[in-house]
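Engineer: Let me begin by handing over the structure; questions about it come next.
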Amino acid sequence: MSIGFHRTRLWSWCVTALSLLVLSIGMDINMALATMIIKPKPGVFVAVADYSFYNYKDYSHCNLKDDAHQVKKILDLSKISAQDFADIGTVKISLFMQTIGGFDETFDVIVNNHINTFTTAELSSTGWGWFNTRLAINWFDFPIEMNQLKHGLNEIIIRLNLDSEANDDRLVIGIDIFEDQGCSFRSVDGGTSWQQRPLNNSNCAGEYMVRMVLVTKDVELDDLSFSHEDFPSLPRLDMCPEVKPLLSPKEVSPQLVQTKNSDIFENGAMRVVFHHREGFFLHELVHKSMQENALKETVKENLFSLEVEGRHLTGRDFTVVRKEVLVSNPEQIAVVYDLSHDQAELTGHFRVTMGRSSELQLGFSIRNRADRNRIIKSAFPVLGGIGWSKGYIKDRYLYPYSTGIVLNHPARYISGYGGGHTYFQQMASFCPWLGGGLFLRVNDQSGEYKILHLLKADEQENDPTFTINPVKVDESNGRAPKGLIFWNPFRETLGTSMAFSYWGRDMKANERWQFATATVGIMNGDWRVAMESYKRWFEGFSHKNRYPNKLTAVFNYDSTGPEWGFRGPGDQESYNTDPTQWGHKVMEHVEDDFMTKLVGGLEHSGYWEHDEVTNEYMTEHKATAAKYGITHKLWPDRHGMLEGKHVLWGAQGDYGLRGYNERWGGLTTFRKYISELKSKGYVTTFYLNKAEAAFSSIIGRERGPEWAVMWPEGNYYWPYYDWQMCTDNPKWRDYLAAACARVIEETGGDGVRIDEMGGASRICLNPNHPHTFARWGHYNELQAQSEEARQIRQAMDNVDPTSVLLTESQGIDILGQYLDASLCYDLTEQPFTSHVAGNWEGFVGLNINRFYFPRHKVFDYQISEKHPEWRFFNATGAFNREYCYREHERQILKDNADAIGSLNPEPMLRSMVPLVYVNRFSTTNKTVYTIYNAGTSTVQKNLIAIVPRDNFHFVDLYRYSEVRTIFRDGHVIVALDLESRAVSCIAYLPVCMELGLQYPNLKVRLRKDLVDASIKLVNQDGEILSEGQLQNGECLLPFPPDSGKTICKLYQGTYLVDAMPCSTTIPSSSKSSAVNPTLPD
């Protein structure tokens, strides 16, 4: 017996040792394969095992707060030739990092057991843009000796120095979330043990952003500049692949087949099987055109998921105690199932409704049958294990985060509709190569907060590292109630899983929870079909603002105030009525072309009375703050010297109640200034804030403590050292709506922009005022803001139905229905459109919201100008003149605002060239295309084919050139030359004019009379060289010599109707009149 035992132990030990050896060899091979050697320039090698894909939004990094917390990176240098390795003279370890807490400690970079100690002094990086909004995290280099390296695997450990004070300075090391390449490890016990996942306390995985730069001896060290963000290249992506055509489903009456164990609902588009004998769950969901059951993986959580008193329950845990067929006719079948779980003391009702369409309607409610209050967390609807392609590798998904995400990359998403970055209530799974998929939507018209969960895992990556989880950040910042979040509404499995979860409710005895209905839609096509369905649903109930409106043709929108150019030239105490010229001072931080960017809209701040900051003023407000246990300071950038006095211009809350810059003439002078701007064509709007009220304001003095947000409980939320009023308080909403209406009525302005509306706030725990939407301890800020926007819209319409309402963010679609426009930070801030995504072959930052909520205009607040091409491709507006469109681009958009502002734009048409994407904007007599080449090389190929129209032609509005076309098989084929990462714009216009040269003029003759017609000759910088009105259908325009590429534009009213490039430049010495610049047919 003992012999056998020892033999077993010995064999077990041998097997374990062999397994560990095999595992170690396997890990070494994987790490060797993972390391890429990049040569950004001759003699420079960079060892890389990450994609530099840092999530700025969720802050995916690891904090080293003491020497117990350490990170390790393995990089393999064996791919460098022996000769090159011998020639290496300089070595640097590059870390994507920042220091928090100070700059007076040391840290170690340990390379193959060689300790290199560095100080944290001067390890800071300033952000870019006006407000330095980018985090201070960046790449920093640390030199080490060459003799520390191996021509093979190298181990790099980063830790705080053993002599450093714990919890003083913290090192923050960035994590690339794109992919786990097996080269990063973390220790929390001083290096005794190491783990590969997670890489931080927030369960992030991927790769630490630690690289090695090696430079040969013959390279000048002064010439080492390169950007780590430029490499390595992310895997190529085609965002607009060909979609397999499928037969359209037959429109037939729905059928219900009832069996002992299940009910089968069937129409022309789908067959859906619900099991109800042992539990209640969705067994099959067959897409009939694809001939595929979407539910490939067996999961427990299909339909709904609950968490109550530590138990996770699904429909499989309930008993169907009663079933009733409510409707059964050729148009509709509706069945309701009564559910019960005796042990959990829960009952519920589930309703299934099928009509002739490809959409199945689901309804659900639960009731707390216990004799006590209980917190119940719920998710409805839930669909898990969805799959289409082999191994699910080619399956794609739509997720509504920021601009909208359409990818096939394995990932986890957990983002709140109502958290400020998830704008609509729908997700989708599909496979273009198989021709279709499905979408899952919640039909909630109230805007209640809900979390959208999506997991896509496939056979290549079954445990994704790519995670977008802003709810985690919200939980730490008072925007998500701890303990009430349903983090795991489904068990993880291969394929795509989707769920909508809600805050846990403290349900009273016998209380019923009725959820918004849900739709499961079967679709032939891709994500665009899903969004068209969403658009139809949304427009079926949403408020319709006046459209077109004053902002339709505005594409550059700027802000102005007394503190930055509001005043007249020099030291004049007056208003600057010429926004194309500097006022009393020139901004030093802007580029030289700042004033060349013309704007159509001007937002005014600081039009109210400013507070003079004196010792008495500060003493009074510090005493008020101390009374409520808070600190009063002056927020930076909101105060300073103006006209010889120290003033607080950020004294918000009254908005003219105490006057309008009385020192300059008050309201009378201000109205005259606004009127003059409007006469010049500017749209004039006014800044208000959704919540702020200064201590000195009338409303702040009267209602601050009563109406302000408290978070945490018993403490006032105090981000700007002023009162932050609660938008869930109906009395504050009434006040703000009245203020907006009063401001436009008193000033004669065109509208208002509500700063911070659409964005996040905090849970309000102030018991001194009522809350309309949020249960105690819940966060429903954007639902309250939606009601606020409705009230403002109504109040402003009563004053001026043509007024416009803008906010800082769209927030959610239910809020957006009352808005004419909002700012948008997504092109700069969200992980897919900022940072390295700009170099992702095939990727473009498409703003899905812009195309499916077209009444709502977007002004990109593009703090970085890294992707201006994407902005033009989307044909959105631009806010802040520093980052506005240059005049050439602005004119294209403004001239064609009738098409670009149309209500049926078409995104991402498939072109004939992979990775070249096309958006289409149409009116009756005009079609405008924006085109983006997301590839890495110039294309010179046929691009699109259209059905021709008589007497129409193509014009390249961006490059002022002829568009090559051929006629084939009844179609016009358009060819285009377009550089990598470049954008263009072509238009299909009626031929309305003919051009000829009558030196020194350009002669324009119309083919037919046009009312209110005018002509402009414009160069490629957007400068108008000459313009004129037509008489008897003709016009002579001066044609300046040596004017370069020009285009002749024909307008009717304000919009372009025809254009022709003038392909010939007249030399200054030429006097010939034989030149004919007319564009050939």
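Engineer: Over the alpha-carbon set of the range 993-1062, work out the extent along each principal axis and list the three values in angstrom, largest first.
Structural biologist: 32, 24, 15
Engineer: Exactly which GluC sites (Glu not before Pro) in the range 138-175 are in a DSSP loop and have at most 15 other Cβ atoms within 10 Å?
Structural biologist: E145, E165
Engineer: Also: Give me the one-decimal nm value for the distance between modelled label points at H971 and T772, 7 Å along each residue's Cα-to-Cβ direction.
Structural biologist: Label-label distance for H971 and T772, simple model: 5.1 nm.
Engineer: Could you tell me the calculated FRET efficiency between V257 and R671, based on Cβ-Cβ distance and R0 = 51 angstrom, to the nearest 0.05?
Structural biologist: Using R0 = 51 Å, I get an efficiency of 0.10.
Engineer: Taking only DSSP H segments of four or more residues, each worth -39500 (n - 2.57), what value at 222 nm results for the chain once the sum is divided by all its residues, to the nearest 500 deg cm²/dmol?
Structural biologist: Result for the chain, helices only: -4500 deg cm²/dmol.
Engineer: In the range 961-979, whose amide N lies under 16 Å from the spot 7 Å out along Cα-to-Cβ of K941? List them in ranges.
Structural biologist: Counting only backbone N, you get 973-979.
Engineer: Any idea what the relative contact order of the chain is, in percent, if you count C-alpha pairs under 8 Å spaced at least 6 apart?
Structural biologist: Contact order relative to length: 8 percent.
Engineer: Any idea which of Q195, L214, T259 is furthest toward the positive side of the dipole for the range 187-302, if Lys and Arg beta-carbons carry +1 and Asp and Glu beta-carbons -1?
Structural biologist: T259
Engineer: Starting from the Cα of E155, step 7 Å along the direction of its Cβ; do the same at E643; then give the gap between the two resulting points in nm.
Structural biologist: The modelled label-to-label distance comes out at 7.0 nm.
Engineer: Loop only by DSSP, 14 or fewer other Cβ within 10 Å of the Cβ. Give me the chymotrypsin sites (Phe, Trp or Tyr not before Pro) in the range 741-840 that pass, ordered by residue number.
Structural biologist: Loop-located and lightly packed - W776.
Engineer: Which parts of the range 334-367 would a label at Q445 reach, counting a residue when its backbone N lies under 12 Å from a point 7 Å out along Cα-to-Cβ?
Structural biologist: none
Engineer: With the crude spin-label approximation of a point 7 Å out along Cα→Cβ, what separation in nm comes out for E1034 versus I375?
Structural biologist: 8.4 nm
Engineer: Under 17 Å Cα to Cα from K544, which lysines show up? Leave out anything in the same chain fewer than 8 places away.
Structural biologist: K535, K857
Engineer: For K41, list the aspartates and glutamates whose Cα falls under 19 Å from its own Cα; do not include residues on the same chain fewer than 8 positions away.
Structural biologist: Partners within reach: D84, D87, D141, D218, E220, D222, D223, E229, D230.
Engineer: In the range 444-519, which GluC sites (Glu not before Pro) fall in coil by DSSP and have 12 or fewer other Cβ atoms within 10 Å?
Structural biologist: Answer in residue order: E459.
Engineer: Let me ask something else. Nothing charged except the Cβ atoms of Lys and Arg (+1) and of Asp and Glu (-1): what's the magnitude of the dipole of the range 993-1062 about its Cα centre? Round to the nearest 20 debye.
Structural biologist: Dipole magnitude for the range 993-1062 comes out near 180 debye.
Engineer: With a Förster radius of 30 Å, plug the Cβ-Cβ distance of E278 and K508 into 1/(1 + (r/R0)^6) and report the FRET value to the nearest 0.05.
Structural biologist: Step by step, r from the Cβ atoms, then E = 0.45.
Engineer: At 20 °C and 1.002 mPa s, grab the translational diffusion coefficient of the range 255-539 from Stokes-Einstein with a Kirkwood Rh over Cα pairs, rounded to a whole number in µm² per second.
Structural biologist: In µm²/s, the coefficient is 112.
Engineer: Something else: If Rh is defined by the Kirkwood formula over all Cα pairs and Rg also comes from Cα, what ratio Rg/Rh do you get for the range 933-1072?
Structural biologist: 1.00
Engineer: Still on this model: For the cross-link pairs K39/K150; K597/K1016; K323/K456; K450/K633; K250/K296, which exceed 28 Å when the distance is taken from alpha carbon to alpha carbon?
Structural biologist: K323/K456; K450/K633
Engineer: Between N113 and T319, what length comes free when the chain is fully extended (0.36 nm per residue of separation minus the Cα-Cα distance, one decimal in nm)?
Structural biologist: 67.9 nm
Engineer: Identify, among P400, W388, N293, the residue whose Cα sits farthest towards the positive end of the charge dipole of the range 255-539, taking +1 on the Cβ of Lys and Arg and -1 on the Cβ of Asp and Glu, with the dipole about the Cα centre.
Structural biologist: Towards the positive end, the residue furthest out is P400.
Engineer: Along the Cα-to-Cβ line of R311, 7 Å from the Cα, sits a label point; which residues in the range 328-347 have backbone N less than 11 Å from it?
Structural biologist: Answer for this model: 341-347.
Engineer: State, to one decimal in nm², a quarter of the convex hull surface area for the C-alpha atoms of the range 255-407, i.e. the direction-averaged projected area.
Structural biologist: Projected over every direction and averaged, the Cα hull of the range 255-407 covers 11.2 nm².
Engineer: Would you mind calculating the relative contact order of the range 993-1062 from Cα pairs under 8 angstrom and at least 6 residues apart, reporting the percent as a whole number?
Structural biologist: 31 percent
Engineer: Something else now. Would you mind checking K300/K390; K678/K731; K678/K1008; K690/K894; K894/K1049 for any pair whose Cα atoms are more than 24 angstrom apart?
Structural biologist: K678/K731; K678/K1008; K690/K894
Engineer: Under 13 Å from the Cα of K260, which aspartates and glutamates turn up, not counting those fewer than eight places away in the same chain?
Structural biologist: Of all the aspartates and glutamates, those that pass the test against K260 - Cα under 13 Å, at least 8 places apart if same chain - are E278.
None of the figures in this text is laboratory data; all of them are computed from the coordinates on show. Predicted model, so just to flag it, every value in this text is computed and none were measured. Heads up, the Cβs are rebuilt from the backbone with ideal geometry, glycines too, and the neighbour counts pull from every protein chain shown.
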